[in-house]
Amino acid sequence: MRLPRRALLGASLAMPLAARAQARYPDRPVVLVAPFAPGGASDVAARTLAGHADKHLGQPIVVENRTGASGMVGTLHVRRAAPDGHTLLMARIASSAIVPAIDRAAPYAWDEFTFLGLVDINPYVVVVRADAPWRTLGELIEEIRRRPGALNHGSSGPSTILNLGIRYLLLQAGLAPDATVEIPFRGGGEVATALVGGQVQIVGQNLSEIAGALQGGQARALVVTTPERFAAIPDVPTAREAGFPALEAIVGWNALAGPPGLPDPVVRRWEAVLAALAKDEGWITATRRVGSVPQIRDGGAAKAFIGAQVALYRELGRRLGLSG
C-alpha cells in the first residue's frame, strides 16, 4: 500500500522537529515529583538535588509533593506523564521497590520507568525519644517481649521502610511481626515530629528524616544498619554489634526516574548532570549534612540496584505474610 505524499511529507517534517526539541532539552523548568510529604526523605533528597543540579541542567527544577498511598499517587503521576523529560520522579524505596514487590494490585511495575541514576543511600536507624527508658536495642526488644502490643511505632504507610523495617526487626528477634502497633502518618517528617511530641514511642526510619531530632538531643538512636558505624552518629552501634546482622538489608535510597520511553538524549543529559553533581562539593556537603551518603550511579546501575531491592522485599513480604 502506498502512503499519500502529504502523509510522507508530514512524517519527514515531524522527525526533525522532535529531534530538535530533544536537542533543546530542557526548554522550560523541570518538575521533580517527591511522592511523600514535605520533610520526608524523598522531599529532602529532591530539594537538595534541585538546589544544586539546576546550574548543571540550565533550567530551574521545581519540587512538587504529590502524596498518598505509600507514594503511589506521585509515582503513578510520573508514570502517566509525557515522556519529554520535564516531569521526573524522586524514586523512593517504598513506592518504587516495596509496593510493586508485595502488592499485586499496584498500578505500575517497578521496571516500567526510565531510570536516570541512583542519587544517595540513606542509613536506617531505630530511634526512641531521648527520655525513653531504653538505652539499647536489646532493652527495647525485651520490653516488647514482656508486653506485646503495648508499644507503638510510627509509619508512613504499611508498604514503607518505616513499617517493614520494624516488622523485620521483630521477626529477627523471634517476636510476632505485629508485636508493636503501627501508627500511620503521611510521611517520614510527620513521623519524626510525632516521636518528638510523644505521639509514638518507636521509629524506624531513614537518618535524614530524624537527623534534626538526634542532633537536637530530642531523640536517641539505638542502632544503625550500615556495616560500620556511621560518621554522623559515631556512638550508635551497628546492627551487627547490636546482635541483629540481618537488619543490614534494610536501607533507604533515592533514585531519579522518568516516565517510560524517555528519549536517549534526555537520559544522556541527566546522566551528565548527575556525573557533574557527583563532583559538586556543595551537593555532597548538603547531602551528608542531612544524614545521607552520596551515591551517584548511572541509569543502568540504578535499575540493577533497584531490581535487587525488589527481590529482597518480595521475599520479606512473603515471610511477613504481606504479599497480596
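Selection within segment 181-210: residues that are of a type in the set (S, T, N, Q) and farther than 17 Å from residue 224 by Cα. The member of this set that is surrounded by the fewest Cβ atoms within 10 Å (Cβ to Cβ) is 199. Figure legend. Inter-residue proximity from segment 133-148: first residues at pLDDT 95 or above, second residues part of a helix (DSSP H, G or I), beta-carbon distance below 6 Å, spacing 6+ or different chains. Indicated pairs: 134/140.
If you check residue 238 against the conditions, is it out of contact with any Phe, Trp or Tyr (no Cβ under 8 Å at 6 or more places or on another chain), free of Cβ contacts under 8 Å to residues at least 40 places away in the same chain and polar (S, T, N, Q)? Judged against the criteria, residue 238 is a match. Each residue in segment 174-189 was checked for being of a type in the set (A, V, I, L, M) and in a loop (DSSP other than H, G, I, E, B), and 3 pass.
Does segment 295-316 hold any residues that are of a type outside the set (D, E, K, R) and either surrounded by fewer than 17 Cβ atoms within 10 Å (Cβ to Cβ) or not assigned by TED's automatic domain parsing to the domain that holds residue 266 (or both), and which are they? Once the filter is applied, which keeps residues that are of a type outside the set (D, E, K, R) and either surrounded by fewer than 17 Cβ atoms within 10 Å (Cβ to Cβ) or not assigned by TED's automatic domain parsing to the domain that holds residue 266 (or both), segment 295-316 yields 300, 301, 304, 307, 308, 311, 312. Only a single item in (1) surrounded by fewer than 24 Cβ atoms within 10 Å (Cβ to Cβ); (2) touching a strand residue (DSSP E or B) at 6+ places or on another chain (Cβ under 7 Å) is not met by residue 168, and it is number (2).
Among the residues of segment 190-216, write down those that are part of a loop (DSSP other than H, G, I, E, B) and either under 23 Å from residue 287 (Cβ atoms) or aliphatic (A, V, I, L, M) (or both).
Result: 200, 216.
Inside segment 146-164, can you point out the residues that are within 15 Å of residue 201 (Cα to Cα) and either under 28 Å from the mean Cα position of the chain (by Cα) or assigned to a helix (DSSP H, G or I) (or both)?
In the first step, residues of segment 146-164 are kept if they are within 15 Å of residue 201 (Cα to Cα); the result is 147-156, 162-163.
Passing the criteria: 151, 152, 153, 154, 155, 156, 162, 163.
Scanning segment 83-131 for residues that are free of Cβ contacts under 8 Å to residues at least 24 places away in the same chain and over 28 Å from residue 200 (Cα atoms) returns a single hit, 109.
In segment 68-75 there is no residue matching the filter, namely being in a helix (DSSP H, G or I), under 23 Å from residue 220 (Cβ atoms) and among the β-branched types (Val, Ile, Thr). Only one of the numbered conditions (1) within 22 Å of residue 163 (Cβ to Cβ); (2) modelled with pLDDT of 95 or more is not met by residue 252, and that is (2).
The values are calculated or read from the model by the stated rules, or taken from the named source; none is laboratory data. Remember, it's a predicted structure, so these values are computed and weren't measured experimentally. Cβ: placed from backbone, ideal geometry, glycine included. Neighbour counts: every protein chain shown.
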